[in-house]
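The values are calculated or read from the model by the stated rules, or taken from the named source; none is laboratory data. In this text the structure is predicted, and so the values were computed from the model without any measurement. Neighbour counts run over all protein chains shown; Cβ positions are idealised from the backbone, glycine included. For accessibility, only protein heavy atoms count, side chains too; no ligands or nucleic acids. Shrake-Rupley method; radii C 1.70, N 1.55, O 1.52, S 1.80 Å.
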Amino acid sequence: GAPPGSGRGILERLDSGEVVVGDGSFLITLEKRGYVKAGLWTPEAIVDHPDAVRQLHMEFLRAGSNVMQTFTFSASEDNMGSKWEDVNAAACDLAREVAGKGDALVAGGISQTSVYRHHKDEARVKKLFQLQLEVFIRKNVDFLIAEYFEHAEEAVWAVEVLKESGKPVAVTMCIGPDGDMCGVKPGECAVKLVKAGAAIVGVNCRFGPSTSLKTMKLMKEGLQAAGLQAHLIVQSLGFHTPDCGKGGVVDLPEYPFGLEPRVATRWDIQKYAREAYNLGVRYIGGCCGFEPYHIRAIAEELAPERGFLPPASEKHGSWGSGLNMHTKPWIRARARREYWENLLPASGRPFCPSLSQPDA
């Protein structure tokens, strides 16, 4: 039968205590696959290579994603000129097409603008959000996500625009435990965003799983102290970044072309999913570096609570159990949870430091 949640919106799902599994990396993944150029980070691929984008959406759906985010990161008029509208409309159509093949909702996504940091012109910034929102309303997305905001003020502006649609609004900031770029602490950021009208608040990108969860804990504490209610969302990097400064992964010398040694294993992501769940987060997904197998790891870790596995688990034994058929006894011995849970994977790079110094 269909998993729970079929036909219900994001807030119905979260209000009933259900776990919503987000999706993962698009820009970084499609750059590696040869469809997106780093530096611009705008999703022209949605028009130029729709099959590549559709395939990635499909892989996330199969891995267990309950949300197809429109591939519209940085797809505002300030970044894309005249192409922005075609890209946003096509992104909505693609996300809807794939979401319809499973139990997934479509989330229209906006992100911080390039104009905010130069001149904090509220009317101009809000106009950029408004333009994207008009496409999302026309395409009837299920809910809205404002993601990747470094400044609480701009994130608040985004929420104020999006909530006018009457659709549920989620908002995630790309901040670490130190807070936003103006020193607004995570707890205070969360309070401002809920007061602005966000129903779901949290963090995405810039920091790895463990750091992102530290920030989520601070956000949760801030909301509790203010007596405010909201659902929590976390969509971390699929990379380990304990050595990041305030700016996160972008300040590490390996960004964006040398991050492979930092990729999280599926077991790291099971741990992240469990810790997020224990913290009370019920919308759990990923951002840059989060491949479909990482999303599957979230769905598998929380399968006992959810009562079902994603389709992709047909090709994966729980905790390596598929290895128990191997011809070599020492490989058969790896078919158990304790082995993978306690593994400290080597990078195979004898001359490399385990940590870097951020450039900024």
Report task. Looking only at the range 290-299, decide whether some residue is modelled with pLDDT of 95 or more, surrounded by fewer than 22 Cβ atoms within 10 Å (Cβ to Cβ), within 23 Å of L27 (Cβ to Cβ) and out of contact with any Ser or Thr (no Cβ under 9 Å at 6 or more places or on another chain). Result -> yes
Report summary line: If we ask which residues in the range 106-164 are in contact with a His (Cβ under 7 Å, 6 or more places away or on another chain) and either under 17 Å from I233 (Cα atoms) or without any contact (Cβ under 8 Å) to a residue 12 or more places away in the chain (or both), their number turns out to be 0
Query - Residue tally, condition part of a helix (DSSP H, G or I), in contact with a helix residue (DSSP H, G or I) (Cβ under 6 Å, 6 or more places away or on another chain) and closer than 17 Å to G197 by Cβ, over the range 134-149 - result: 1
Query - Residue that is free of Cβ contacts under 8 Å to residues at least 12 places away in the same chain, open to solvent by 30 Å² or more (accessible area, probe 1.4 Å) and more than 25 Å from the chain's Cα centre (by Cα), where the choices are K315, K328 - result: K328
**Report entry** Any hit, the range 200-223, residues being surrounded by fewer than 18 Cβ atoms within 10 Å (Cβ to Cβ) and over 25 Å from Q69 (Cα atoms)
**Finding:** yes
Query raised in the report: Within the bounds of the range 180-197, is there any residue that is over 19 Å from E122 (Cα atoms) and outside any helix (DSSP H, G or I)?
Result: yes
**Report entry** Matching residues in the range 120-133 - criterion: being part of a loop (DSSP other than H, G, I, E, B) and either open to solvent by less than 80 Å² (accessible area, probe 1.4 Å) or among the hydroxyl-bearing types (S, T, Y) (or both)
**Finding:** D121
Query raised in the report: Among the residues of the range 327-336, is any of a type outside the set (K, R), under 23 Å from E59 (Cα atoms) and in a loop (DSSP other than H, G, I, E, B)?
Result: no
Query raised in the report: Of the residues that make up the range 240-256, is at least one open to solvent by 20 Å² or more (accessible area, probe 1.4 Å), within 20 Å of A297 (Cα to Cα) and modelled with pLDDT of 95 or more?
Result: yes
Report task. Mind telling me which of the residues K315, K271 ends up being over 25 Å from R33 (Cβ atoms) and of a type in the set (K, R)? Result -> K271
Report summary line: Among helices (runs of 4 or more DSSP H) completely within the range 32-103, the ones holding 3 or more residues that are open to solvent by 10 Å² or more (accessible area, probe 1.4 Å) are 50-63, 77-80, 84-99
Report summary line: Among Q235, Q229, the single one that is within 22 Å of E12 (Cα to Cα), outside any helix (DSSP H, G or I), in contact with a strand residue (DSSP E or B) (Cβ under 7 Å, 6 or more places away or on another chain) and not small (G, A, S) is Q235
**Report entry** Those residues of the range 271-285 which are open to solvent by less than 10 Å² (accessible area, probe 1.4 Å) and touching an Asp or Glu at 6+ places or on another chain (Cβ under 7 Å), in sequence order
**Finding:** A273, G285
Report task. Kindly indicate whether C182 is farther than 27 Å from M68 by Cβ and either in contact (Cβ under 8 Å) with a residue 12 or more places away in the chain or basic (K, R) (or both). Result -> yes
Query raised in the report: Mind checking which residues of the range 147-187 are open to solvent by less than 20 Å² (accessible area, probe 1.4 Å) and small (G, A, S)?
Result: A152, A155, A158, A170, G176, G179, G187
